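Enquirer: Just dropping this structure here.
The values are calculated or read from the model by the stated rules, or taken from the named source; none is laboratory data. From a predicted model like this one, the values you see are computed outputs, not experimental measurements. Here the Cβ positions follow ideal geometry from the backbone for every residue, glycine too, while neighbour counts run over all protein chains shown.
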Amino acid sequence: MAETDRARVLRQSLIFSGLAESELAELGGLGQERRLGAGEFAFIEGDTPDCFYIVAFGRVKAVKTSSGGKDFIIAFFGPGEIFGEVAAFEGRPYPASAQAVESSTVLCIRRDEFLKFLSRRPQVALRIVSLLSGRLRMASERLRDLAGERVEQRIARVLLMLSVRLGPALPFTRQDIADMAGTTTESAIRFLSGLNQRKITRSVRGKVVILDETKLRLLAEGPPPL
């Protein structure tokens with residue numbers, strides 16, 4: 001990947017978008033390009049971190065394994081998005097696995113080199129703090145949803161959350177959606193089939209297309225309190 005391409009990838013990131021061209025070039029020079037085939041892992045939960053990653057092309061998902069052995073998808077990352085940064089900054093094992101959803105290219109930036117870069121740019125450090133705070137809020141909301149809502153609400157919330165980032169056509173399997181909602185594939189299939197019958201969604205070539213966001217949002221909110 002050329003230096004200009006690395007700078008373009010970094011410019012897509014909310015954290016690095018405000019850097020000058022020279023700074024983007026310097027940071028891009030720290031990145032080591034790595035290609036992942038579909039299903040290949042960038043790292044496994046529990047691995048010792050020595051770097052964090054930025055998606056250049058493709059998509060990567062973060063997968064957490066429960067004590068019962070079930071995999072639960074906690075996030076997806078696309079071009080310009082960062083993953084593995086919390087573990088790398090804290091020097092603790094990766095709390096989840098990162099797996100390529102499709103053929104992908106990522107940039108790996110070593111922790112020690114990035115800390116030297118940050119020491120000269122405190123404004124970037126502040127953006128990272130903001131990003132991590134936002135992710136913590138999202139994680140807290142996901143745990144709240146899983147603990148206190150019906151399966152139908154959880155699936156509807158997952159669909160809405162994905163549509164905000166990717167638009168109404170969602171390139172995910174029913175298994176992916178089940179994993180993100182913390183439920184079984186069978187439950188996801190039944191609920192999604194019901195959405196199709198009510199013309200709230202449509203299944204097209206492995207995608208779930210949202211047709212009526214208003215009705216889906218009502219399902220996500222659940223029945224009104226008595």
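Enquirer: I'd like to check something: does the range 32-48 contain any residue that is crowded, with 20+ Cβ neighbours inside 10 Å, outside the structural domain of residue 164 (by TED's automatic domain parsing) and at pLDDT below 90?
Expert: Scanning the range 32-48, I find no residue that is crowded, with 20+ Cβ neighbours inside 10 Å, outside the structural domain of residue 164 (by TED's automatic domain parsing) and at pLDDT below 90, so the answer is no.
Enquirer: State whether the residues of the range 111-120 include one that is surrounded by fewer than 17 Cβ atoms within 10 Å (Cβ to Cβ), within 16 Å of the chain's Cα centre (by Cα) and closer than 23 Å to residue 19 by Cβ.
Expert: Looking through the range 111-120, none of the residues is surrounded by fewer than 17 Cβ atoms within 10 Å (Cβ to Cβ), within 16 Å of the chain's Cα centre (by Cα) and closer than 23 Å to residue 19 by Cβ.
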